[in-house]
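**Student:** Please read through the structure below; I'll follow up with questions.
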Amino acid sequence: MRSRYFTALAVAALLGSGMLVFAKPPAGSGSITGKVTYTGTPPKMKPIDMSKEPSCAKQHATPVLTENVATGPGSALQWVVVYISAGDQGSTAPSQAVRYDQKGCQYLPHVLPMQVNQGLQIYNDDQTSHNIHPLSKVNAEWNKSQPPGSPPIDTKYDKPEFIPVKCNIHPWMHGYFIVLNTSHYAVSGEDGSFDIKGLPPGKYTVTAWQEQYPAQSQEVTISGSEAKTANFVFKVLPY
C-alpha cells in the first residue's frame, strides 16, 4: 500500500510540474490515400476543333482532347473528386479563393473543388471573349460575359452542388465546379492517385465522384495519426 501511495504522489507531482506527458496522436493527423483506376474499355476522347477561334488554336501544338474520361498509365483515372461525404465535423470556409482559368479556350483545371462559401475567382487569360455559364440547379444559375483583359469574376456558392460549366461562345469548353461541405477532398492525378490529409480520429464515408460514371463510397475509420488506404475502381464503357 505504501508503494502505491508513494507512486500516486510521484505521478501527482509530475503532473503538477508538467513533466509527465501521455502519448496522444495530434488531432487532424490522419490521412486517406489511394488510387482511382478503371476496368473495361474507356471511350476514345475526341480532338477538339478550335479553328473557329485561331487565337486559341495556335496555343496548342497538338489538338486538345475532351476530358470527360481522362485516363493514364496503369489504367489510372484522372479528374475524380474523392471527398469525405459523411463523418466530417465541418469547418469554416478558407479565406483564400480558388482560381479558375480560361486559357487556350480550355477550363483549367477541368474539375475544380471548393468549399461552401469559399471565394471563387474566374480569369480570362485569352485574347478573346468568353461567356462562362455554370449550370447550377441548387444554387442560383448565372452566366456572365468576360472580355479579354477584364478583371476576374468574383463569386461563391452557399450550397453544396456538382455544377457543370460551359462557355456560351465556345461550345467545346466544358468543366465542373464541385462545391462541398468539407475541406477534406482531393482530385486524382494523371496516375490516379489521391491523398486526403488532416483527418482527426473518426469514422468516415469516403466518396469518389466521376462526371460520367456513378459515384462510389467506402467506410474508413481513423483511430489516430495513421494513413489508411481506399482504392476505387470504375467500370468504364467504350461509348
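The values are calculated or read from the model by the stated rules, or taken from the named source; none is laboratory data. All figures in this text were calculated on a predicted structure; none of them were measured in a lab. Here the Cβ positions follow ideal geometry from the backbone for every residue, glycine too, while neighbour counts run over all protein chains shown.
**Student:** Which of the residues that make up region 146-181 are surrounded by 14 or more Cβ atoms within 10 Å (Cβ to Cβ) and in a loop (DSSP other than H, G, I, E, B)?
**Tutor:** Pro152, Lys156, Tyr157, Pro160, Ile169, His170, Trp172, Met173, Asn181 - these are the residues of region 146-181 that are surrounded by 14 or more Cβ atoms within 10 Å (Cβ to Cβ) and in a loop (DSSP other than H, G, I, E, B).
**Student:** Taking Met114 and the conditions (1) over 25 Å from Thr92 (Cα atoms); (2) in a strand (DSSP E or B), which numbered condition does it fall short on, given that it satisfies the others?
**Tutor:** Only one criterion in (1) over 25 Å from Thr92 (Cα atoms); (2) in a strand (DSSP E or B) is unmet by Met114, namely (1).
**Student:** Related question: Could you please give the count of residues in region 198-219 that are over 15 Å from Lys35 (Cα atoms) and in a strand (DSSP E or B)?
**Tutor:** 7
**Student:** Select, from Gly104, Gly189, the only residue that is at pLDDT 95 or above and touching a Cys at 6+ places or on another chain (Cβ under 7 Å).
**Tutor:** Every option except Gly104 fails the conditions.
**Student:** Same structure, new question: Determine which single condition Phe194 fails, assuming it passes every other condition in (1) touching a Leu at 6+ places or on another chain (Cβ under 9 Å); (2) in a strand (DSSP E or B); (3) not β-branched (Val, Ile, Thr); (4) not assigned by TED's automatic domain parsing to the domain that holds Tyr107.
**Tutor:** Checking Phe194 against (1) touching a Leu at 6+ places or on another chain (Cβ under 9 Å); (2) in a strand (DSSP E or B); (3) not β-branched (Val, Ile, Thr); (4) not assigned by TED's automatic domain parsing to the domain that holds Tyr107, the one that fails is (1).
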